[in-house]
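Note sheet for the following structure.
Computed from the coordinates by the stated procedures, all read-outs in this text should not be read as laboratory data. All values derive from a computational prediction rather than experimental measurement. Cβ: placed from backbone, ideal geometry, glycine included. Neighbour counts: every protein chain shown.
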Amino acid sequence: MAKKAETPNMVEQFAEFKELKNIDKTTMINVLEESFRNVLAKMFGTDENLDVILNPDKGDVQIFQNLTVVPDGEVTNPKLEISLSDARDDDDPEAEVGDEHTKEIFFEKFGRRAILTLRQTLQSKILDLQKEAIYNKFKDLEGELVSGEVYQTWSKETLLLDDDKNELLLPKSQSIPGDFFRKGETVRAVIDNVDNKNNNPKITVSRTSEAFLRRLFELEVPEIHDGLINIRAVARIPGERAKIAVESYDDRIDPVGACVGVKGSRIHGIVHELRNENIDVISYTANPQLFIQRALSPAKISSIRIDETEKKAEVFLRPEEVSLAIGKNGLNIKLASMLTGFTIDVYRDTEETFEEDIYLDEFKDEIDGWVIDALKNIGCITAKNVLNAPREMLIEKADLEESTVDNVIEILKAEFEE
């Protein structure tokens, strides 16, 4: 009776592992078989002549040993061979020398030590399997948003636990200045890095990465989540200020307005999550001059000279606009450079220059608005910008007819001749 009771107990323990570790049935059967084989191989010297049949649903664990039948008195290795008389006595009356005789082995006969070894082997394999599963799961989620409950905070990092009690480490360097967490508080971050050194998964999360800002916008702005609006570029100085460039694939959707929301309803939650980090949302354009102009907002630039090969831009502004372009502690120009990928140098234009120049918007009575917009889109904001630009460039980049460009040039020249 004791022999039959032992096996179901082992299977119940295996079922316990399955429940705690959330391992699928097929994987569980494979792990059980491998664990049995490892223990049996140590006991018998090999597992090549052993068959392990598992049926956890019924509680069946059967082990069969395949032995070669040899003449009586010639058994040299009882783990691989069986005498003819023993084979015939073991429910195989027609056995002959050279046949393969299958003998069932009852694992529980080997005592508690063998069962304990099996359990320890199983525990070790399941732990390794669980670590591998955790690593694979979170490695695929790098850059994705995750939530965790604050479990413990130290001077250099905070330990979070997700819903499955997986450990997430938030280093101080990846926390937003001003972050202060209480035990039990739910914290959002993105999975920044996952490594598996020494088969010990380490999941590091971040609240300072650009990806965190992207994921928050995806969460708050349905049009981004649905793919109607695309985030083209992000620049952040965590806890201070950020700039994000967006574009719409639907002409009916204003990408900036959709991201900000009515009276700032959508962006307010993001700003609050980022500890009141100021966020500038601008409309993306493939035109580098216009993109730099928008990135330097709220400053209004006068003209730009760009070296696309060196990724450098020289920006000229009215004296009162220079401080706006640079921003407090240089944040605005730094973020604009990060967002556009251009090194931006700001130059102060003289008052005399501006006295002689005129913004294109002043010519709306003489030049169609769409023509003015086309010229502004290539960085020509003032009359002097247009007159100093090559005629061919105005035709090609602004996508205007030759006659239209000539007409504009004529109107602008006439203004200065007067």
Q | Percent RCO, i.e. relative contact order, over the chain, from Cα pairs under 8 Å lying at least 6 residues apart | A | 8 percent
**Q.** Residue-averaged 222 nm ellipticity for the chain, from DSSP H runs of 4+ at -39500 (n - 2.57), nearest 500
**A.** -12500 deg cm²/dmol
(Q) Students often forget the sequence filter, so: which lysines lie under 21 Å Cα-Cα from Lys79 once same-chain residues fewer than 8 apart are removed? (A) Lys42, Lys103, Lys109
(Q) For Cα pairs less than 8 Å apart in space and 6+ apart in sequence, what is the mean separation divided by the residue count of the stretch 234-352, i.e. the relative contact order in percent? (A) 25 percent
Q. Ranked from highest to lowest mean number of other Cβ atoms within 10 Å per residue, what is the order of the peptides 293-302, 94-103?
A. 293-302, 94-103
Q: Measure off 7 Å from each Cα along the Cα-to-Cβ vector at Thr76 and Glu167, then give the distance between these two points in nanometres to one decimal.
A: 5.4 nm
Q. Which whole-number percent gives the relative contact order of the stretch 146-213, counting Cα pairs below 8 Å spaced six or more residues apart?
A. 32 percent
Q) Taking the Cβ-Cβ separation of Ser323 and Thr404 as r and a Förster radius of 45 Å, what is the calculated FRET efficiency to the nearest 0.05? A) 0.75
Q | Candidate lysines - alpha carbon under 25 Å from Lys202, same-chain residues fewer than 8 apart omitted | A | Lys18, Lys21, Lys125, Lys131, Lys137, Lys139, Lys156, Lys165, Lys172, Lys183
Q | Residues of type lysines that Lys312 reaches as a straight line, Cα spacing below 29 Å, ignoring anything fewer than 8 places off in the same chain | A | Lys243, Lys300, Lys328, Lys334, Lys376, Lys384, Lys397
